[in-house]
Amino acid sequence: MTYGKEPIMDIAQLAHVELFSPKPEKTVDFFKKFLGMTETARSGQSVYLRAYEEMYHNSLKITESKEAGLGHAGWRTTSPQALQRRVEEVKAAGLGKGWIDGDIGHGEAFQFTTPDGHNMELFFDVDYYKPQDHEKTKLLNRATKRPSQGVPVRRLDHLNLMSSNPGKDNQFMTDALGFRVREQIQDNGNVVASWISVSNLVHEVAFMQEPQQEKGKLHHLCYWYGIPQNLYELADLLKDHDHFIEVPPNKHGISQAFCMYVHEPGGNRIELFGDSGYLILDPTFEPVIWEMEDVPGNGDTWIGSEFPESWWTQGTPITSPKIVNR
Ligand SMILES: O=C/C=C/C=C(\O)C(=O)O
Ligand SMILES: [Fe+2]
């Protein structure tokens, strides 16, 4: 059997995400009160938060903005040398924007966009969170005590982006950054959606077709529990506090993850993972290709209610939801 070129192992992880919110204080309150995240800094129009098992200073930056949507995604590389190698590839693809000194929680970063215009950056130097005395836990492999607020998420899991051309974004992320394709929805060879990862997870990022060809939208940001029961507890809590649950606890076919989708007060869709589905340990894992007709009732939701039209058509910033027949 002939194998492709040597895998590129230069990107380690999705380290943080910046969300834009037109209601920043309500958005921050949602992540603190219900998802049990902790505020670690404020600067200008931004608030920085972390989940209790995360070692870094923050994984979420909420920035005030006219409209909801993706601020940027921050990828940590596996080494300073890997950072330089990937920066050269991004520059060669013509998508580089340049270096910044860094931000609260990390050092110098190289900013770029996907072909569809989603803002991203690469960095290596990171600040580890220094727990305050009252946060210190006897569970030595855990960053800070489990919070007593809400149903606390454990870590950031992935990002799902809507694109006018998922195939093009997919191609750039695999060619320039070494992401591996894990699952795709194709329509006569056209990439309608793609789940790609740099780790054993099915995806750290996914790209899905934006039905009106709008560019650079966010579909959802996902945090991880690892325990399906936590989704039912959170659903009960959010329902009691009048938060919109778009998809109740459900098992995905694609990724096999146990999930739920809610909307935070600023309008961004947030996914919660009960478990991350299957892990990929095979270095020559072949991408799983779903044809459009294979998906309804199997790929989208394996067990649970059918996804509403809004799930397939709407991301942030909100654009005219001309409902399209799927
Ligand atoms: O067919 C849709 C399946 C979607 C899966 C995800 O968005 C996910 O695993 O986060
Ligand atoms: Fe997801």
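The values are calculated or read from the model by the stated rules, or taken from the named source; none is laboratory data. The structure presented is a predicted model; accordingly, all values stated were derived computationally and were not measured. Neighbour counts run over all protein chains shown; Cβ positions are idealised from the backbone, glycine included.
Worth a mention:
- The set of residues in the stretch 185-229 that are away from ligand 2 (no atom under 14 Å from the Cβ), in contact with a helix residue (DSSP H, G or I) (Cβ under 8 Å, 6 or more places away or on another chain) and within 30 Å of S79 (Cα to Cα) contains only V198.
- Where I270 falls short, out of the listed (1) of a type in the set (V, I, T); (2) in a loop (DSSP other than H, G, I, E, B); (3) more than 30 Å from Y3 (Cβ to Cβ): (2)
- In the set (1) more than 29 Å from G226 (Cβ to Cβ); (2) out of contact with any strand residue (DSSP E or B) (no Cβ under 7 Å at 6 or more places or on another chain); (3) basic (K, R), K97 fails one condition alone, (2).
- Of the residues making up the stretch 106-142, not one is buried (at least 20 other Cβ atoms within 10 Å of the Cβ), of a type in the set (G, A, S) and touching a residue at least 60 places away in the same chain (Cβ under 8 Å).
- Of all the criteria given as (1) closer than 23 Å to S59 by Cα; (2) in contact with a Pro (Cβ under 9 Å, 6 or more places away or on another chain); (3) assigned to a strand (DSSP E or B), the one not satisfied by H219 is (2).
- For the stretch 183-210, filtered to residues that are at pLDDT 95 or above and not in a strand (DSSP E or B), the residue that is surrounded by the fewest Cβ atoms within 10 Å (Cβ to Cβ) is N200.
- Within the stretch 256-293, being within 16 Å of ligand 1 (Cβ to nearest atom), closer than 20 Å to L70 by Cβ and crowded, with 21+ Cβ neighbours inside 10 Å holds for C259, Y261, V262, N268, R269, I270, E271, L272, F273.
- Residue match in the stretch 314-326 (condition: in contact (Cβ under 8 Å) with a residue 12 or more places away in the chain, out of contact with any Cys (no Cβ under 9 Å at 6 or more places or on another chain), within 11 Å of ligand 1 (Cβ to nearest atom) and not polar (S, T, N, Q)): yes
- Every condition in (1) within 14 Å of ligand 2 (Cβ to nearest atom); (2) at positive phi holds for D242 except the one numbered (1).
- Within the stretch 269-286, the set of residues being among the aliphatic types (A, V, I, L, M) and within 24 Å of P308 (Cβ to Cβ) comprises I270, L272.
- When E53, E88 are checked against the criterion of being surrounded by fewer than 19 Cβ atoms within 10 Å (Cβ to Cβ) and part of a loop (DSSP other than H, G, I, E, B), a single residue qualifies: E53.
- For the stretch 17-33, filtered to residues that are within 21 Å of H118 (Cα to Cα) and hydrophobic (A, V, I, L, M, F, W, C), the residue that is surrounded by the fewest Cβ atoms within 10 Å (Cβ to Cβ) is V17.
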